[in-house]
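Working notes, beginning with the structure itself.
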Amino acid sequence: MYTAEQIISEKKSSLICVDSESTIAEAIKMMNNNKIGAIVVKTSGKIAGIWTERDLIKNLAENSFDVNTAQIGDYMTKELIIASHDFSVYKLLDIFLGKRLRHLFIEKNGEIIGLLSQGDVTKASLNEKTKELNELNKAYKWDYYETWKFNRNQ
């Protein structure tokens, strides 16, 4: 069964980060260039938060908000939700659904090793289900059922 660490290794992408003093405009540009919906925010080289497309929508509703001057550190989400590297794909799905999250940090030995999106985990879940279905199809062939006939005379 897929684990968080396996999903991260299959993504083959690293964390995309900005410094907490970067402007929102700089973060948006980096997100667009990397085609991502969330960006990791660092302070003094350590992960301090996350800022997402949803945060942008929320921030734009504020009258004084200006993407060109607002520093991302003032608007990022600081309470990080972290899961273990050995959590199964199904446990990760439970976290996403239960906490209504879109992004989840993954930790191994006290260190953040990656960030998974809800889409990453959904894709892995579908791959897991396909693998399970293929194993069932190998174990139980349909030809028995296709040639089976009910004998009314018995």
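Below, the figures for the structure above:
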| item | result |
| --- | --- |
| Residue-normalised accessible area of the chain, expressed per residue, 1.4 Å probe, Å² | 69 |
| Residues of region 70-98 with amide N under 20 Å of the 7 Å Cα→Cβ point at residue 28 | 70-77 |
| Selection from 93, 105, 28, by position along the positive dipole direction of the chain (Cβ) | 93 |
| Phi-based couplings in Hz for region 50-65 (Karplus 6.51, -1.76, 1.60; Gly and Pro marked x) | 9, 9, 10, 4, 5, 4, 4, 4, 4, 5, 5, 6, 7, 4, 8, 6 |
| Placed amide H near residue 48: partners under 5 Å, 5+ positions off or other chain | 41, 42, 43 |
| Extension gain, residue 139 back to residue 126 (0.36 nm per residue minus Cα-Cα distance, nm) | 2.7 nm |
| Distance from region 49-67 to region 1-32 (C-alpha centre basis), Å | 18 |
| Around residue 82: net Lys/Arg minus Asp/Glu count, Cβ-Cβ under 12 Å | -1 |
| Carbon + sulfur, % of accessible area of the chain - ligands and nucleic acids excluded, 1.4 Å | 49 |
| Estimated inter-spin distance, residue 58 and residue 43, nm [label 7 Å along Cα→Cβ] | 1.7 |
| Exceeding the 21 Å Cα-Cα cut-off - candidates 58/108; 11/91; 35/78 | 58/108; 35/78 |
| Cα-projected label distance for residue 35 with residue 10, points at 7 Å along beta-carbon direction, nm | 1.8 |
| Cα gyration tensor shape of region 1-114, rounded if a/c is under 1.5, else prolate or oblate by comparing a/b with b/c | prolate |
| Nearest-20 debye value, the chain charge dipole, Cβ charges on Lys, Arg, Asp, Glu | 680 |
| Spacing of the two label points (7 Å from each Cα toward its C-beta) at residue 107 and residue 91, in nm | 1.3 |
| Within the chain, percent of DSSP bridges classed antiparallel, to nearest 5 | 70 |
| Low-density loop positions, GluC sites (Glu not before Pro), region 2-65 - DSSP coil, at most 11 other Cβ in 10 Å | 62 |
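The values are calculated or read from the model by the stated rules, or taken from the named source; none is laboratory data. Treat the numbers as computed from the prediction; the structure is a model and nothing was measured. Methodologically, a virtual Cβ is constructed for each residue, glycine included, from the backbone with ideal geometry; neighbour enumeration extends over all protein chains shown. The area values use the complete protein model at the heavy-atom level, side chains included, leaving out ligands, DNA and RNA. Shrake-Rupley method; radii C 1.70, N 1.55, O 1.52, S 1.80 Å.
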